[in-house]
């Protein structure tokens, strides 16, 4: 169905009608993911080997700064993208990300590393949030899960490639500066493509809202009301928000603790890079299927089972040193655990975003996504704090097992409290 915007240009909803802009946003989101993937293998090792940090809490402090800042950048992106447009926030996000790789290459102290992760958090929050919302705007209601699967595939596929590449380069050239050269390419291309080629999609969201309202005018709720509904009032949106928080809680632990855990059992940086990239690689590739399948099978049980499968993968990674003595056999058990963790996350990640799109109206979609992503990315900070303290007091294994237990519990909450959202989408689409 074709529409007209304020400039009298034809607008259309749907993937096929917007394939050029959609593909461009997929590519840009790959650059966004690549920026954070640079840290997955090498940064915990830099903390331990270059700066001599022994406390796991101190090492994971970079994830705390990243997670808190990214969470609130998500909230800002959600709140203001409806008012000032998606594209402007996307460009601003890249401007904050541009200095990041240069700082990481030459930072003389751990405090500067933490400051650089503040910039990275702003970059990730603004850029990833806006590309998510823009893709939802473009495809309309019918293929939302598929669109989110493509979005997260691009982002986390790039996380995996960057994690592997940085680990490989670090094994040859050292932990700094060479592994961060790739980040310069990501940041420059992301900024240029966003500035010169991306078109704002706010008009698509307005046309979808107009079509669904059958010509009547429906005011969006206040931001305070949106925050309350998304955070706790609506049981489905609460289930989605808590699952997102716990998902990134275990992702933050995997990011900060797993390289140290693997190194403590004798793995070199190249092997750690393989393991650090396997989890996001499976996560990214699987989302090509899981996002689309959630459009057919539903959201609720994919989310619940995804959390449980993540928990199994985390337990296997923690238990592997006690199951086998041979390092090669441990490595393959860790690979299996990383595959399970990645597949479980793939069941959850695009499905959570699609569920929000099902429940909320297009007039306040960006704000609701921003609130959800606030809670989700606070999981990085909470996970880093909890797992760091547990590792300092009880050891790495108990810290990892505690994260697994929280992940299982999150799946139970989703199973008990969440309602299936495809019915809500179908009802709104027929209005």
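Just so it is clear, none of the values below were taken in a lab; they were calculated from the coordinates. All values derive from a computational prediction rather than experimental measurement. A quick note on method: Cβ atoms are made from the backbone with ideal geometry, for glycine too, and the neighbour counts reach across all protein chains shown.
For a Förster distance of 25 Å, can you work out the FRET efficiency between the beta-carbons of residue 231 and residue 408, rounded to the nearest 0.05? Calculated transfer efficiency: 0.65. For the chain, find the longest principal axis of its Cα atoms and tell me its angle to the long axis of helix 181-196, 0 to 90°, nearest 10. Its long axis makes an angle of about 10 degrees.
For the pair the range 114-172 / the range 21-67, the C-alpha centres are spaced 12 Å from each other. Each principal axis of the Cα cloud of the chain was taken in turn, and the coordinate range along them, longest first, works out to 66, 45, 35 Å.
Among 129-140, 186-197, sorting by the average number of other beta carbon atoms lying within 10 angstrom of each residue, highest first, gives 129-140, 186-197. The ranking of 176, 40, 144 by Cβ neighbour count inside 10 Å, starting from the fewest, reads 176, 144, 40. Against the main long axis of the alpha-carbon atoms of the chain, helix 61-84 sits at an angle near 10°. Angle between the Cα long axis of helix 86-97 and the longest principal axis of the chain, 0 to 90 degrees, nearest 10? Once rounded, one gets 20 degrees.
Put in order of Cβ neighbour count within 10 Å, fewest first, the listed residues 48, 420 become 420, 48. Across the chain, the relative contact order, built from alpha-carbon pairs under 8 Å that are at least six residues apart, equals 27 percent. Here the simple spin-label model places points 7 Å from the Cα toward Cβ, and for residue 188 and residue 394 these points are separated by 4.8 nm.
The value of relative contact order for the range 90-134, using C-alpha pairs under 8 Å at least six residues apart, is 56 percent. Listing 110, 332 from fewest to most neighbouring C-beta atoms within 10 Å gives 332, 110.
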